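Let me begin by presenting the structure, written as structure tokens, before commenting on it.
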Amino acid sequence: MPGLVSVRKKFGPVKPLQGVRITGSLHMTIQTAVLIETLKELGADVRWCSCNIFSTQDHAAAAIAATGNAGLRLERRNARGILGPDPPGHFIPRRQGPQLVVDDGGDVTLLIHKGCELEEGSDWVNTPSGSHEEQVIKDVLKRVHKEDSLRWTTICQGVARRL
């Protein structure tokens, strides 16, 4: 964490991440909260959710959730909230989705990849699920696809441009 504090001091005033859209899904700990706040201090538009309810430090999650950048678990995760489109009254356009993804558990990455596959004709979302979590993912994908049939393709294109 001292390294992140040093980065804030050195680069915070120049905002090198100004306008960069970052979506993350990590274990919600104090260290993750410091990372999120550092990215915001550097100018990034940050959307975040916890990837594991068992490792979540509730006080850290509550502090970040108060900023409007966090969800608490996969079932409560609103794909629109962390991957766009714009929430009412939000001043930074989210229609494009993230440009960078920080994802140690693969939840967000899986949503993006499976969403693109769905938009390319995959029928995976309609196959039997092997677990509750898999069904939650399929339900999110179907709901988002119904609302915007090119949502995931748009997100993929935004992330790919940053590579």
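Nothing in this text is a laboratory measurement; each read-out follows from the coordinates by a stated rule. Model, not experiment: these values are computed from the prediction. Heads up, the Cβs are rebuilt from the backbone with ideal geometry, glycines too, and the neighbour counts pull from every protein chain shown.
Taking the Cβ-Cβ separation of residue 156 and residue 30 as r and a Förster radius of 30 Å, what is the calculated FRET efficiency to the nearest 0.05?
For residue 156 and residue 30, the calculated efficiency is 0.40.
Please list 125-138, 35-48, 98-111 highest first by mean number of surrounding beta-carbon atoms within 10 Å per residue. Before the final figure, lay out the partial values.
Details: 125-138: 13.0, 35-48: 21.7, 98-111: 18.8.
Top of the packing list down: 35-48, 98-111, 125-138.
Would you mind getting me the FRET efficiency between residue 53 and residue 146? Use the beta-carbon distance for r and R0 = 30 Å, nearest 0.05.
Numbers: r = 27 Å, r/R0 = 0.90.
The computed FRET efficiency comes out at 0.65.
Run down the aspartates and glutamates and flag those whose C-alpha is under 18 Å from the C-alpha of residue 142, throwing out any fewer than 8 positions away in its chain.
75, 107, 117, 119, 120, 123, 133, 134
In nm, to one decimal, how far is the modelled label at residue 110 from the one at residue 133, with both set 7 Å along Cα→Cβ?
In this crude label model, residue 110 to residue 133 measures out at 0.5 nm.
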